[in-house]
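What follows is a single structure, written as structure tokens, with notes after it.
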Amino acid sequence: MEPRTPPLVIVAAVARNRVIGGGNSLPWKLKSDLARFRAMTWGKPLIMGRKTFESIGRALPGRETIVVTRTAENLPAGVYSAGDPDSAVALGRERAALMGASEVIVAGGGEIYRALMDHCSMKHITEVDLAPEGDTLFPEIDPSAWTAVSRDVNEAGPGDAAACTFVDYVRTQMLPGR
């Protein structure tokens, strides 16, 4: 039996106005979302763009980071680079197989989400109950292609700038060749 190809899964926090970032940082503080992100991505390869990586400032422990960039010269040891999103997907699936990971995480930012949305089979979205100003937006979601399978309302707790809702989506309409 041939091994299963690990699926691509988006994990993102998105404001009501689709903002996901501003000035190369998150426009909110949500401790509960960071804990969810950590739990969902632990032990898995993460694909992200250069700007997202720079905003984090380091490789995240317990995960392998693949940065989509045309110049890999300033990346720290242990961080992988890929010249384009398709190369990042191939590398992510290779790393997932070596790590025994069940999926490859698409972790942002806006350009990477746009480039890989059609390749993903699941999305874990934190709907942030804010509408901040920002310069990076999450792509429009085609409601005919995705179905929400779970929705968990999370009131703002300590370390949270706002309430949020954790929503998991599965793709209901796969595109040809994906």
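Read-outs throughout are calculated quantities, based only on the coordinates presented, and are distinct from any laboratory measurement. Computed from a predicted structure; not experimentally measured. Glycine gets a Cβ as well: all are built from the backbone with ideal geometry, and neighbour counts include every protein chain shown.
A few remarks follow.
- Geometric extent, Cα atoms of the stretch 1-91 - Rg, Dmax (angstrom): 14.2, 48
- Asp86 paired with Thr172, simple spin-label distance in nm, labels 7 Å along Cα-to-beta-carbon: 3.1 nm
- Here the Gaussian network model covers the chain, with springs between Cα atoms less than 10 Å apart; of Val68, Val153, Val11, Val153 fluctuates the most.
- Where labels lie 7 Å past Cα in the beta-carbon direction, separation of Arg58 and Trp42 in nm: 1.8 nm
- A straight chain from Ser144 to Ala131 at 0.36 nm per residue would run longer than the Cα-Cα distance by 2.2 nm.
- Cα-based Kirkwood hydrodynamic radius, the chain, one decimal, Å: 16.6 Å
- Contour minus Cα-Cα distance for Ser121 and Asn24 (0.36 nm per residue): 32.2 nm
- Extended-chain gain in nm, criterion 0.36 nm per residue less alpha-carbon gap, Lys31 and Asp152: 42.0 nm
- Within straight-line cross-link reach of Lys123, aspartates and glutamates at Cα separation under 17 Å, skipping those fewer than 8 residues along the same chain: Asp33, Glu103, Glu111, Glu140, Asp142, Asp152, Asp168
- Between Ala131, Ala35, Ala161, the GNM of the chain built on Cα springs shorter than 10 angstrom shows Ala35 fluctuating the most.
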